[in-house]
1. Carbon and sulfur together cover what percent of the accessible area of the chain at a 1.4 Å probe radius?
2. Using the charge dipole of the chain (Lys, Arg: +1 at Cβ; Asp, Glu: -1 at Cβ; taken about the Cα centre), state which of Val31, Thr55, Gly86 has its Cα farthest towards the positive end.
3. Could I have the simple spin-label model distance between Gln151 and Asp109, label points 7 Å from Cα toward Cβ, reported in nm to one decimal?
4. For the chain, set up a Gaussian network in which alpha carbons nearer than 10 Å are linked by springs, and say which option among Glu112, Glu135, Glu98 fluctuates the most.
5. Sort out for me the Cα centre separation of segment 124-181 from segment 29-86, rounded to whole Å.
6. Please list, in order along segment 29-34, the HN-Hα scalar couplings obtained from phi with the Karplus expression 6.51 cos²θ - 1.76 cosθ + 1.60 (θ = phi - 60°), rounded to whole Hz, x for Gly and Pro.
7. Relative to the present Cα-Cα distance, how much length would full extension add between Lys48 and Leu85 at 0.36 nm per residue of separation?
8. Quote to one decimal, in nm, the extra length available between Gln23 and Thr60 on full extension: 0.36 nm per residue of separation minus the C-alpha distance between them.
Amino acid sequence: MKRIIPIVCSLLAVSAGAFAQDQAAIDKALVAAPSAQLKTAATVIKWKADYTYDTLKKGTNNMVCYDKSGMPGANQPFYTECTSLGNLPRVAQNLKFEAMPDKGKAAFDAAEKDGTRVKPEFGSVWYHAMGADPEHLRTHMTIAVPGATGQSLGLPTDGKAGGVWIMNAGTTTAHLMTPGE
């Protein structure tokens, strides 16, 4: 019995430490979520080196958030992102390509040309929070409209007018840019 008590105490301490680490990772990933309601209901994942992921928190809505800090393609030291669960295959492809030499430009171009580029869900929102650290963040939101053109949506394909516009019109990467941050 004397041996069992220290072992149980050690296991509880290790479990508490792992829970605290997971909670910190969850809290960080959720920074990009735009509201308390979405944060509460979002799924949180952690990407693995093979472009699969572990689920840290199962959500009750269609939003998924993750930390991209330190990954290839993350253009800031602190970088988190949220989007629709249906966009995870696209995110996995992006991560794979961004880890390649030249940040995958050739792979992105080839996949777009040969039709193997994974499309995001039309109308899905991508929320980003990025910056030098959590105290100095810039938020950004785009809406995926793969294949959309200026003609199909009746929107401009550049931001010169100052309103919503389509970036990368006619491609799988087409998305609505919104003015502001």
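1. Values: 6310 of 10400 Å².
Within the chain, the accessible surface is 61 percent carbon and sulfur.
2. Ranked along the dipole, the leading option is Thr55.
3. The modelled label-to-label distance comes out at 2.6 nm.
4. Answer for the Gaussian network model of the chain: Glu135.
5. 19
6. 4, 6, 4, 6, 5, x
7. Numbers: separation 37, 0.36 × 37 = 13.32 nm, distance 1.66 nm.
Full extension from Lys48 to Leu85 adds 11.7 nm.
8. On the way: separation 37, 0.36 × 37 = 13.32 nm, distance 1.75 nm.
Length gained between Gln23 and Thr60: 11.6 nm.
The values are calculated or read from the model by the stated rules, or taken from the named source; none is laboratory data. Bear in mind that the values here come from a model prediction, so they are computed numbers and not experimental data. A quick note on method: Cβ atoms are made from the backbone with ideal geometry, for glycine too, and the neighbour counts reach across all protein chains shown. SASA here: full protein model, heavy atoms, side chains in, ligands and nucleic acids out. Shrake-Rupley method; radii C 1.70, N 1.55, O 1.52, S 1.80 Å.
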